[in-house]
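Take a look at the structure set out below.
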Amino acid sequence: MQATLLLLAAGMGSRYGGLKQLDAMGPSGQTMVDYAVQDAVRAGFSKVVFVIRKDFEDAFRTQVGEKHTDTIEVCYAFQDLNDLPGDYRAPEGRSKPWGTAHAVRAARDCIQEPFAVINADDFYGREAYAQMAAQLKATDPKQLSASMVGYILRNTLSPHGTVNRGICSLDGDNLQGVEEYTAIGHDADGELRGINLADERVSLSPEAVVSMNFWGFTPAIFEHLEAGFEAFLQARGHEEKSEYYLPSLVDSLIQEGAIRCPVLQTESPWFGVTYPDDKARVVASIQKLTDDGVYEN
C-alpha cells in the first residue's frame, strides 16, 4: 500500500517573525521540512503533498520542494482563506486562513491513499514516522480511519512564550477525546495553564498526552471534514479570527462513534520553533542528532 505525507506549510509565522518553513536549522542549511521528508522516505512514504500559500510558492519550490524530487513524488496544494464550500465568504477584515482542518482540506484533490499529516515547523523524530507508516499500511484504505502520534505536554513547551496544543484523554491505547488549548504556559505562580474552547484559563497536567498534529487518516476523512467545516462556518464563519482545528474534527467523530483512534505513543524526540528564540535550541538538538550519526551533515 502506498502512503502520503501531507505537510502543512502555509502558516503565517506571525510569532516567529518570518517564514520558518524556509529557515535553515541543520548544519548544511537543512530546513525542518527537509528532515521531515527524509524521515518519511526512510519510513516508506511514497509521496509528499506540501500545503503552502501562493505568495511564496516560487521560493518554496526552489528552496525546499525541488531538493526531494529524486527520492519521493512531490505535489503542491494551496491554502486560501477564500477556498470555502458553497456560498460561504470570508468576513471583511479577515486576513488569515481557517486553521489546520482547513489546511488539510486544501489537499482534497491530491490524495487518494492513506496519509499522515504533520506541521512544517515541528521535528517529530524518525521513529514516529516509522510507527505511523506501519499503522497506515495496516488500515483498509476504503474505510474511515484515524490514528495519532502522542507526545507528553511537558516535553513540548517553549521557554520563550505560550503554545497551542490538543490535550488528549485516553481509553487504553485509544483516543477518547481531544480539546484544543491555546496560550499554554506557566503563570506567575508556577502553575501550568491554558485557555480552553470556552475561553477559560485552566490548570493542565504536565504529563498530559498531547497532539502535535501528527495524524494518520484514510481518504474517507475528507467527506467528514467537509461536513464539519460547513457546520463550523455556519456557527463561527462570521468571526474574524476563528479557526477550525483538526483535533476538533477528530474529537467530533470519536464522540459520534464514527471512528476509533489509536494513539501511537513514541519515544522520538520532538522539538519545534514557535518563537525566534526557539531556533537556537532546535539547531543544537539537530546538531546533536547529527553528531550521533542519526542524520548526515
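Any read-out appearing in this document is the output of simple, stated calculations on the displayed coordinates, not a laboratory observation. Computed from a prediction, not measured in an experiment: that's the story for all the values here. Please note: Cβ atoms are built from the backbone with ideal geometry, for glycine as well, and neighbour counts cover all protein chains shown.
Quick check on the exposure proxy: order K142, K96 from fewest to most C-beta atoms within 10 angstrom.
On the way: K142 9, K96 15.
Ascending Cβ contact count within 10 Å gives the list K142, K96.
Near K54, which aspartates and glutamates are there with a Cα under 19 Å away, not counting those fewer than 8 places off in the same chain?
Output for K54: D23, E66, D80, D83, D109, D121.
I'd like the FRET efficiency for A24 and S285, computed as 1/(1 + (r/R0)^6) with the beta carbon distance as r and R0 of 22 Å, rounded to 0.05. Please report the intermediate quantities before stating the final value.
Working: r = 14 Å, r/R0 = 0.65.
E between A24 and S285, to the nearest 0.05, is 0.95.
When only DSSP loop residues count, what trypsin sites (Lys or Arg not before Pro) in segment 184-290 have their Cβ near at most 16 other Cβ atoms within 10 Å? Before the final figure, lay out each step's value.
Values: sites: R193, R201, R236, K241, R260, K279, R281, K288; in loops: K241, R260.
Of the trypsin sites (Lys or Arg not before Pro), the ones in loops of segment 184-290 whose Cβ has at most 16 other Cβ atoms within 10 Å are K241, R260.
Could I get the Rg over Rh figure for segment 244-293? Both from C-alpha atoms, Rh via Kirkwood, rounded to two places. Before the final figure, lay out the partial values.
Working: Rg = 17.1 Å, Rh = 14.2 Å.
We get a ratio of 1.21 for segment 244-293.
When the gyration tensor of segment 106-238 is built from Cα positions, what are the square roots of 5 times its three eigenvalues, in whole Å, from largest to smallest? Please list the in-between numbers first.
Details: eigenvalues 157, 78, 35 Å².
Over the Cα atoms of segment 106-238, the semi-axes work out to 28, 20, 13 Å.
Rank L197, L81, L157 by mean-square fluctuation in a GNM of the chain with C-alpha springs under 10 angstrom and give only the top-ranked residue.
L197
Semi-axes of the equivalent ellipsoid for the chain, please: Cα gyration tensor eigenvalues, times 5, square-rooted, ordered largest first, whole Å.
Numbers: eigenvalues 131, 110, 90 Å².
They are 26, 23, 21 Å, listed largest first.
Suppose R0 equals 35 Å. What FRET efficiency, 1/(1 + (r/R0)^6) with r the Cβ-Cβ distance, do D70 and I195 give to the nearest 0.05?
Details: r = 45 Å, r/R0 = 1.27.
Approximately 0.20, to the nearest 0.05.
Can you put E179, E226, E239 in order, fewest other beta carbons within 10 Å first? Write down the numbers at each step before the final one.
Working: E179 18, E226 14, E239 10.
The most exposed by this proxy come first: E239, E226, E179.
Using +1 on the beta carbon of Lys and Arg, -1 on that of Asp and Glu, and nothing else charged, what's the dipole of the chain about the Cα centre, debye to 20? Can you show the working numbers first?
Working: 26 positive and 43 negative charges, 62 e Å.
Dipole about the Cα centre, nearest 20: 300 debye.
Under the definition of Cα pairs under 8 Å and six or more residues apart, what whole-number percent is the relative contact order of segment 142-275? Walk me through the numbers before you get to the answer.
Details: 228 pairs, mean separation 52.4, N = 134.
Taking the mean separation of contacting Cα pairs over the length of segment 142-275, I get 39 percent.
Could I have the simple spin-label model distance between E207 and S242, label points 7 Å from Cα toward Cβ, reported in nm to one decimal?
For E207 paired with S242, the spin-label model returns 3.8 nm.
Provide the FRET efficiency to the nearest 0.05 for the V41-E256 pair, computing r from the beta carbons and using R0 = 35 Å. Mind dumping the intermediate values first?
Numbers: r = 35 Å, r/R0 = 1.01.
So the FRET efficiency works out to roughly 0.50.
Given the -39500 (n - 2.57) contribution per DSSP H run of 4+ residues, what per-residue ellipticity at 222 nm results for the chain, rounded to the nearest 500 deg cm²/dmol?
Dividing the helical sum by the residues of the chain leaves -8000 deg cm²/dmol.
Output the pairs from K67/K279; K67/K241; K47/K288 with a Cα-Cα distance over 32 Å in this structure; if there are none, say none.
Values: K67/K279 22 Å; K67/K241 35 Å; K47/K288 28 Å.
Among K67/K279; K67/K241; K47/K288, the Cα-Cα distance tops 32 Å for K67/K241.
Given the options D39, D80, D58, state which has the largest fluctuation in a GNM of the chain using a 10 Å cut-off (strictly under) for Cα springs.
Taking springs between Cα atoms under 10 Å, the residue moving most is D58.
Using only Cα atoms, what is the ratio of the radius of gyration of segment 176-297 to 2.2 N^0.38 Å? The partial results should precede the final answer.
Values: Rg = 18.0 Å, N = 122, 2.2 N^0.38 = 13.7 Å.
Relative to the rule-of-thumb radius for its length, segment 176-297 sits at 1.32.
In whole Å, what is the distance between the alpha-carbon centres of segment 267-297 and segment 30-96?
When both Cα centres are located, 22 Å separates them.
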